[in-house]
Amino acid sequence: METIIRKQMIIHPEVMDLLNNQIALEMHASASYLAMASWCDQRELVNSKAFFYKQAEEEREHAMKIFEFVNDNGGAAISPEVHSINNDFDDLRSVYETSLEQEINVTQSIFKVFKKARKEDDFVTEIFLQWFVTEQAEEEDKFRSLIDIFDLMEGMPLKMIDERLPKE
Ligand code: FEO
């Protein structure tokens, strides 16, 4: 009876390692968006500043969702080291382009964990990750749309472009 009650690790060990990598990637994305928010804040780009502060919070929430999932399923979530954050950008467009590149990397990484979970019959993780697959499709679409705004407003003053960008 005791063995039935004792918390078992439901997720596959190799999938758990990939989930811990994903936690690190989401926390890196959060720190990276914080750097972008600061860059915008220093230039009084109020909409972009608010947008990136919000993005930083959202990425931390993603990391925490995975973190709690790992521990709730008998695994060991690891608090990651976050380093190599770029704080220097050429212009506002490159901030948004870097964001899109970052989101594409996150998507690819989610797919990798998803595929591994499927291969190992780790159904719990596969179902859990479905939310992230949908979320990443929306995130990539959002940043592509924002970069389209830049294309439409090319040559306009930076503050006028910022005023047309969403705060969240
Ligand atoms: Fe959580 Fe936008 O990656």
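The values are calculated or read from the model by the stated rules, or taken from the named source; none is laboratory data. Model, not experiment: these values are computed from the prediction. Glycine gets a Cβ as well: all are built from the backbone with ideal geometry, and neighbour counts include every protein chain shown. For the accessible areas, the whole protein counts, side chains as well, though only heavy atoms, and no ligand, DNA or RNA atoms are used. Shrake-Rupley method; radii C 1.70, N 1.55, O 1.52, S 1.80 Å.
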For the chain, with a Gaussian network of springs between Cα atoms less than 10 Å apart, report the residue from S84, S94, S38 with the top mean-square fluctuation.
S84
Rounded to two decimals, the Rg over Rh value of the chain from Cα coordinates and the Kirkwood Rh reads 1.07
Of A77, L129, Y53, whose Cα points farthest to the positive end of the dipole of the chain (charges on the beta-carbon: +1 Lys, Arg; -1 Asp, Glu; origin at the Cα centre)?
A77
How much length is gained if the chain between E61 and D41 is pulled fully straight, taking 0.36 nm per residue apart and subtracting their Cα-Cα distance, in nm to one decimal?
5.0 nm
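Sort E168, E58 from largest to smallest accessible area, using a 1.4 Å probe on the heavy atoms of the protein chains.
From most exposed to least exposed: E168, E58.
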Provide the FRET efficiency to the nearest 0.05 for the N71-E140 pair, computing r from the beta carbons and using R0 = 30 Å.
0.55
Ignoring ligands, DNA and RNA, what percent of the 1.4 Å accessible area of the stretch 10-164 is carbon and sulfur?
52
For the chain, set up a Gaussian network in which alpha carbons nearer than 10 Å are linked by springs, and say which option among H12, H62, H83 fluctuates the most.
H83
Given the options P80, P13, P157, state which has the largest fluctuation in a GNM of the chain using a 10 Å cut-off (strictly under) for Cα springs.
P157
How many angstrom lie between the C-alpha centres of the stretch 29-71 and the stretch 119-168?
13
Which FRET efficiency value, to the nearest 0.05, do you get for D148 and F123 by plugging their Cβ-Cβ distance into 1/(1 + (r/R0)^6) with R0 = 45 Å?
0.70
Dipole magnitude of the stretch 10-164, debye to nearest 20 (Cβ charges: Lys/Arg +1, Asp/Glu -1, about Cα centre):
80
